[in-house]
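Working notes, structure below.
The values are calculated or read from the model by the stated rules, or taken from the named source; none is laboratory data. Quick caveat: nothing in here was measured; it's all calculated off a predicted structure. Virtual Cβ from ideal backbone geometry, glycine too; neighbours counted across all protein chains shown.
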Amino acid sequence: MSSRSRKVAKAFGSSGVLAKATLAVPEAVGGGGVEPVANEAALGSGNAGDLKFATATKSAFLYDGNEWDRIQTGSNAAPFFKVSPTQVSLGSQESASVSVLAGDPEGFPITYSWDALKVDSSQTIHYKEGGGTYPPGIVNVIHSPASSGTFRFQADSQGSGNKGTYTYRILANDGAITSLATNTLKVAYTNNFHVKYKAAVEAAGGTCVIHNLNATDHTDLHDYIDNSVGAIADSRYDVLLLAPGSYNLTAQQISYSWDPFRGKAFAIVGNTNQPHEVHLTVSGSSGRDYPIFGNELEPVNFRATKALANLTFKRMNSSGASYSAAMRRNNGGLARNVLFDFNNLGLSLNYYNGEPGTIERRLTMFAVTFANVGTRGGSYSGQNAGFYVGRGLAASVASYSAYTWTNNSNTATLTADGTKYWTYTDNGSTYGHLYKADDTNYTIDVGGVNKGFSDVDTG
């Protein structure tokens with residue numbers, strides 16, 4: 001061990017930290033070993049451990065062997081987020097971008113990075129930018145340069161089996177202090193309804209464009225439908241693929257009927273297997289009929305192109321009359337994994353006086369829930385054949401027994417807090433909503449000749 005006198009002598013030696021204190025002119029010691037420079041651009045190169053002081057910003061910098069790191073001096077407030085990260089939900093091989101923006105009270109430039117945490121009962125796993133690994137289900141996070149607040153998350157394929165829900169964080173650093181903003185990163189492989197729908201449309205000779213929408217940019221869907229969804233006259237039957245969130249849709253009045261599809265035929269699909277994560281509220285104005293699948297504009301070859309999947313559909317309007325409260329008005333359609341919330345108002349199933357005896361446009365539903373039904377009315381037209389439900393939930397299932405209604409349950413209750421919208425027991429005798437929600441082993445027929453889904457009878 002070195003003696004005290006030896007340590008003092010070393011400090012005052014030519015290379016010691018107190019060497020300048022022995023100079024004849026003490027003022028020549030300068031900034032205590034810290035080299036002043038005009039600004040950050042003048043930092044230049046250095047050796048590990050070197051200190052420099054930028055007089056323009058009154059900030060100190062330490063060279064770590066590779067770069068200059070600003071160190072906190074005096075009063076320095078943390079960066080703040082002007083635009084925070086949004087929730088990310090991805091399916092098989094999908095990608096999504098997140099853009100954030102942070103500022104610094106002192107005006108220092110911001111650099112960004114990401115990390116993610118997976119927490120379970122046994123461990124916490126930390127993934128971070130530059131670490132070489134990603135959360136299960138994520139194959140890449142594209143972020144460059146460091147000054148960019150845009151991150152692109154890319155999901156693995158469904159075949160990998162990697163999926164999960166994590167907390168991801170965006171880190172904003174001003175050179176001395178780091179601020180964090182968090183949100184949810186979810187990789188959940190859906191039942192691919194939108195993929196199967198597109199394939200069915202194209203097999204029937206139509207065209208289909210998938211529109212990826214989110215609740216931040218597209219809260220109100222009616223304008224987007226009018227301006228961006230293809231028209232029936234052009235044989236276009238598109239998909240609105242909705243990220244988790246809440247959306248609004250104003251139906252369009254066509255003759256007596258208010259049409260949520262606004263005179264077009266397409267699919268509205270939640271990008272999730274959990275219907276409560278995508279909530280669509282549909283309203284009209286003063287009028288008579290409020291069908292969900294209404295008006296007579298669908299061509300014969302595309303009978304079931306109006307479709308709903310993987311979402312909560314809340315109908316705000318209807319009168320007590322059976323013709324006004326019908327779900328279907330002489331129109332075909334498909335619904336799979338949908339919670340229908342009728343707002344404690346009336347519900348009937350079929351309506352149209354002029355419908356032929358042979359139903360060409362059938363409404364086919366699989367794994368659906370009818371909830372918050374005020375009164376259940378009979379069908380004004382007297383037609384039952386146009387309505388098919390398999391693996392569904394509805395209160396008082398006997399009142400639907402005149403229709404094709406197979407393998408269903410008579411329980412459809414909503415919890416008071418609205419966080420869970422169904423109850424069911426899948427035990428081989430009582431079936432309910434979300435039966436095999438992740439299943440991809442089915443096909444869709446938009447022609448409506450069969451029951452619409454290949455698995456609608458068997459589950």
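Are there any pairs with C-beta distances below 8 angstrom linking a residue in the range 339-351 that is within 24 Å of residue 269 (Cβ to Cβ) to a residue that is of a type in the set (D, E, K, R) and surrounded by 24 or more Cβ atoms within 10 Å (Cβ to Cβ), with the two at least 6 apart or on different chains, and if so which?
Close Cβ pairs satisfying both conditions: 340/315; 341/315; 342/315; 343/315; 349/328.
Only residues that are crowded, with 18+ Cβ neighbours inside 10 Å and out of contact with any Asp or Glu (no Cβ under 6 Å at 6 or more places or on another chain): list them for the range 216-234, please.
218, 221, 225, 232
Has the range 354-362 got at least one residue that is at pLDDT 75 or above, touching a helix residue (DSSP H, G or I) at 6+ places or on another chain (Cβ under 8 Å) and in the same structural domain as residue 291 (by TED's automatic domain parsing)?
Looking for residues that are at pLDDT 75 or above, touching a helix residue (DSSP H, G or I) at 6+ places or on another chain (Cβ under 8 Å) and in the same structural domain as residue 291 (by TED's automatic domain parsing), one finds none in the range 354-362, hence no.
Any idea how many residues of the range 306-330 are assigned to a loop (DSSP other than H, G, I, E, B) and either touching a Pro at 6+ places or on another chain (Cβ under 7 Å) or without any contact (Cβ under 8 Å) to a residue 12 or more places away in the chain (or both)?
Number satisfying all stated conditions: 1.
I'd like to know if the range 37-53 contains one or more residues that are out of contact with any Ser or Thr (no Cβ under 7 Å at 6 or more places or on another chain), at pLDDT 70 or above, among the basic types (Lys, Arg) and not assigned by TED's automatic domain parsing to the domain that holds residue 274.
Within the range 37-53 (the criterion being out of contact with any Ser or Thr (no Cβ under 7 Å at 6 or more places or on another chain), at pLDDT 70 or above, among the basic types (Lys, Arg) and not assigned by TED's automatic domain parsing to the domain that holds residue 274), the answer is yes, since at least one residue qualifies.
Would you check if residue 124 is among the polar types (S, T, N, Q) and closer than 20 Å to residue 34 by Cα?
Considered against the rule, which asks whether it is among the polar types (S, T, N, Q) and closer than 20 Å to residue 34 by Cα, residue 124 comes out as no.
Among (1) touching a strand residue (DSSP E or B) at 6+ places or on another chain (Cβ under 6 Å); (2) closer than 16 Å to residue 100 by Cα, there is one condition residue 186 misses while meeting the rest; what is its number?
Evaluating residue 186 over (1) touching a strand residue (DSSP E or B) at 6+ places or on another chain (Cβ under 6 Å); (2) closer than 16 Å to residue 100 by Cα leaves (2) as the failure.
When residue 257 is evaluated against the numbered criteria (1) within 22 Å of residue 331 (Cβ to Cβ); (2) without any contact (Cβ under 8 Å) to a residue 40 or more places away in the chain, which criterion, by number, is the only one it fails?
Every listed condition holds for residue 257 apart from (2).
Those residues that are out of contact with any Phe, Trp or Tyr (no Cβ under 8 Å at 6 or more places or on another chain), assigned to a loop (DSSP other than H, G, I, E, B) and crowded, with 24+ Cβ neighbours inside 10 Å, I need them from the range 262-286; list them, please.
Across the range 262-286, the qualifying residue is only 271.
Give the residue, chosen from 62, 101, that is without any contact (Cβ under 8 Å) to a residue 24 or more places away in the chain and surrounded by fewer than 19 Cβ atoms within 10 Å (Cβ to Cβ).
62
Table: residues versus (1) hydroxyl-bearing (Ser, Thr, Tyr); (2) outside any strand (DSSP E or B); (3) crowded, with 18+ Cβ neighbours inside 10 Å; (4) at pLDDT 65 or above.
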site	(1), (2), (3), (4)
352	yes, yes, yes, yes
367	no, no, yes, yes
374	no, no, no, yes
380	yes, yes, yes, yes
399	yes, yes, no, no
427	no, yes, no, no
